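Undergrad: Got a structure for you, written out below as structure tokens; questions coming shortly.
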Amino acid sequence: MFNHGIHGRHGIAALALIAGAALSFCVKAAEPVRGAYPILTTPYLADGAVDYDSLVREAEWADAAGVDGIIWPQSDDSVDLLTTDEKKRGMSALAEKSAAFRARLCLGVQGRDTAEMLALARYAETIATRHDPRIVFISRPADDCRTQEDLERYYDALAEVARRSVIIQTYNGDKCPAPTVELLVKLATRHPAIYGWIKEEVRDGFEANRRMKAELAAKPPLKTVFSAWGGWQWLYQSRRLGSEGVISERAALAPMLAEIWRLMEARDSTGALDAAYAKYLLAINLMQTVPGDLRGYQLVFFKEKGIFKTMVSRVCVDKENDPYKWRLDVLDVDEDVKAEIMRRCSVEGN
């Protein structure tokens, strides 16, 4: 079987090295999918083109902050307002760097319909295979899903393409139903290597908690249930329900997310977790007072840090009737607002 000069003591040593490398690869690829997974905010150039260099710098900054995963494209600023080619280019730029990250890269593969999702998933599989075996996927329901049967066909189709873990995001607007807990369990049973990771994000917070209890009771085949919706309920859901991380577009707060998760894992009882989470709530409250919703205060933060070049956004013109049509918007805030944002969002060493 071995006819390439692998003989005797040296051959055995060589084989041991190969086996060790293979074992290392398997261990690295099998790391659990859980923890703090911020979604990157998409940076734009002055003309509205995606700033891929800044996107990579944002990912590198979040990785250095100690988070467990980095997700893109997943928020509305990328899922709805980018072309398929723009998403592919950003995925490639991140995948080329991700093998050097401590954090796991998670690529968003979803679409207006199953065909668009599959095009992205096939591309993401290609670059994940080429660059980084730890890459995982996340996918919200397609825009055209209207029934549980639609959702089941959609996720079955994705399982035919994906060769890695896929986090199911349960929410995609009010027109699309959330997959039932029963369907999530069915998919994880049918495709155990692909499904079982859940971003629980139904709009009603009390309903999200009810669903989360049921999902956590269904382990296995379900594996990890992430908190979502900005982490407003993260402390409660972790401490009282058992969620194992958070997924939200809060990349500017990556150091806070990493610290909160570290304290959760340590089952902190000193009050440090409460204090860290209170600071986080103070920071995310900025979306209520700074223009730009999720993006506004983060644009200021990343621009002040020298990570983004502009505070430009693509803004949906009519989300209810045409979520893909956009115009350009440039955020402008005064120095006092900037100072308050930097005060709330910064932590020691950040």
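Each reported figure results from applying straightforward, stated rules to the coordinates on display, with no laboratory input. The model shown is predicted, which means the values in this text are computed figures rather than measured ones. For neighbour counting, all protein chains shown are included, and Cβ atoms are generated from backbone atoms with ideal geometry for every residue, glycine included.
Undergrad: Can you sort THR129, THR170, THR42 by how many other beta carbons sit within 10 Å, fewest first?
TA: THR129, THR170, THR42
Undergrad: Normalised by the number of residues in the chain, what is the relative contact order in percent for Cα pairs under 8 Å and 6+ residues apart? Display every interim value, and only then the final one.
TA: Details: 586 pairs, mean separation 58.9, N = 350.
That works out to 17 percent.
Undergrad: Moving to a separate point now. Compute the long axis of helix 293-304 from its Cα atoms, compare it with the longest principal axis of the Cα atoms of the chain, and write down the angle in degrees, 0 to 90, nearest 10.
TA: Once rounded, the angle reads 80 degrees.
Undergrad: List the residues whose amide H sits under 5 Å from the amide H of ARG104, counting only those 5 or more places along or on another chain, with H placed 1.01 Å from N in the peptide plane.
TA: Distant-sequence amide H within range of ARG104: GLY69, ILE70.
Undergrad: In addition: Using a Gaussian network model of the chain with C-alpha springs under 10 Å, which one of ASP85, ASP329, ASP132 is most mobile by mean-square fluctuation?
TA: ASP85
Undergrad: Counting Lys +1, Arg +1, Asp -1, Glu -1, what net charge surrounds THR310 among other residues with beta carbon under 10 Å of its beta carbon?
TA: 0
Undergrad: Follow-up question, since we're still on this one. Could you tell me how many degrees, from 0 to 90 and to the nearest 10, lie between the Cα long axis of helix 148-161 and the main elongation axis, the longest principal axis, of the Cα atoms of the chain?
TA: Once rounded, one gets 50 degrees.
Undergrad: Right, something else. Using 0.36 nm per residue of separation minus the Cα-Cα distance, give me the extension gain between ALA46 and ALA278 in nm, one decimal.
TA: Numbers: separation 232, 0.36 × 232 = 83.52 nm, distance 3.53 nm.
That works out to 80.0 nm of additional length.
Undergrad: Using a cut-off of 27 Å between alpha-carbon atoms, which lysines can reach LYS88, once sequence neighbours fewer than 8 places away in the same chain are excluded?
TA: Here the lysines satisfying the reach criterion relative to LYS88 are LYS28, LYS97, LYS175, LYS199, LYS303, LYS305, LYS309, LYS319, LYS325.
Undergrad: Mind sorting ASP150, ASP144, ASP322 by how few other Cβ atoms lie within 10 Å of their own Cβ, fewest first?
TA: Listing ASP150, ASP144, ASP322 from fewest to most nearby Cβ atoms yields ASP322, ASP144, ASP150.
Undergrad: Please work out how much length the chain gains when fully extended from GLU320 to ARG239, using 0.36 nm per residue of separation minus the C-alpha to C-alpha distance, in nm with one decimal.
TA: Details: separation 81, 0.36 × 81 = 29.16 nm, distance 3.60 nm.
Stretched fully, the GLU320-ARG239 segment lengthens by 25.6 nm.
Undergrad: Can you give the log10 of the normalised intensity I(q)/I(0) at q = 0.09, 0.10, 0.11, 0.15 Å⁻¹, computed with Debye over equal Cα scatterers of the chain?
TA: -0.49, -0.61, -0.73, -1.34
Undergrad: For the range 32-263, what is the percent of antiparallel DSSP beta bridges, rounded to the nearest 5?
TA: Working: 1 of 23 bridges.
Taking every DSSP beta bridge within the range 32-263, about 5 percent pair in antiparallel fashion.
Undergrad: Quick query: amide H of VAL225 versus all other amide H atoms, modeled in the peptide plane; which residues come in under 5 Å with a sequence gap of 5 or more or a different chain?
TA: ILE198, GLU244
Undergrad: Given the options ASP63, ASP204, ASP80, which has the most mean-square fluctuation in a GNM of the chain, springs set between C-alpha atoms less than 10 angstrom apart?
TA: Highest fluctuation of the listed residues: ASP204.
Undergrad: Can I ask one more? Placing unit charges on C-beta atoms (Lys and Arg positive, Asp and Glu negative, everything else neutral), compute the dipole magnitude of the chain about its Cα centre in debye, rounded to 20.
TA: 1320 debye
Undergrad: Assuming R0 = 35 Å, what is the FRET efficiency of LYS219 and THR126, from their Cβ-Cβ distance, to the nearest 0.05?
TA: Efficiency, from the Cβ-Cβ distance: 0.65.
Undergrad: Counting only helical runs of four or more DSSP H residues, what would the 222 nm mean residue ellipticity of the chain come to if each run contributes -39,500 (n - 2.57) and the total is spread over all its residues?
TA: -14000 deg cm²/dmol
Undergrad: Counting other C-beta atoms within 10 Å, which of PHE301, PHE101, PHE226 has the fewest, and how do the rest follow?
TA: In increasing order of surrounding Cβ atoms, one gets PHE101, PHE301, PHE226.
Undergrad: Can you tell which of GLY66, TYR44, GLY90 lies farthest toward the positive end of the dipole of the range 18-151, using +1 and -1 charges on the Cβ of basic and acidic side chains (Lys, Arg; Asp, Glu)?
TA: GLY66
Undergrad: With label points built 7 Å along Cα→Cβ from the Cα atoms of ASP85 and GLU265, find their separation and express it in nm.
TA: In this crude spin-label approximation the distance works out to 4.1 nm.
Undergrad: What is the helix-to-structure angle for 181-190, meaning the angle in degrees between its Cα long axis and the longest Cα principal axis of the chain, kept from 0 to 90 and rounded to the nearest 10?
TA: 20 degrees
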